[in-house]
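*Asks:* One structure is given below, represented as structure tokens, and several questions about it will come after.
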Amino acid sequence: MRNPETAHWRDSARRPKFFVIDAYATFPLLLFLLHIRLWTFILAICTMAFFGVIEKFGFTVPVFWRFLRTFLAGNLKTAIPWWDKGNRY
């Protein structure tokens, strides 16, 4: 049986971070380390800045993409698809 003082289950819901950098920003950083060029450095810096900005507003990456998708879709949600509106019985 586990010792309850060593089981840190409360930390399982935290966002992954690599020191102060969001874990999602490590993929462009890894790309930069594997392919050291100026454009990969700029891509890594821009990506880390983007993740820093959305974190400043209190978003995580999945929540931001959900917000962006909802913003682009608009307020009108139809139950009948647009391609099936004319073919009713």
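*Asks:* Determine one quarter of the surface area of the Cα convex hull of the stretch 15-84, which equals its mean projected area, and express it in nm² to one decimal.
*Replies:* 7.3 nm²
*Asks:* Still on this model: Taking K and R as +1 and D and E as -1, what net charge do the other residues with C-beta under 13 Å from the C-beta of A25 add up to?
*Replies:* For residues surrounding A25, the net value is 0.
Laboratory data are not the source of any read-out in this text; all were calculated from the coordinates shown. Nothing here was measured: the structure is a model prediction, and the numbers come from that model. Heads up, the Cβs are rebuilt from the backbone with ideal geometry, glycines too, and the neighbour counts pull from every protein chain shown.
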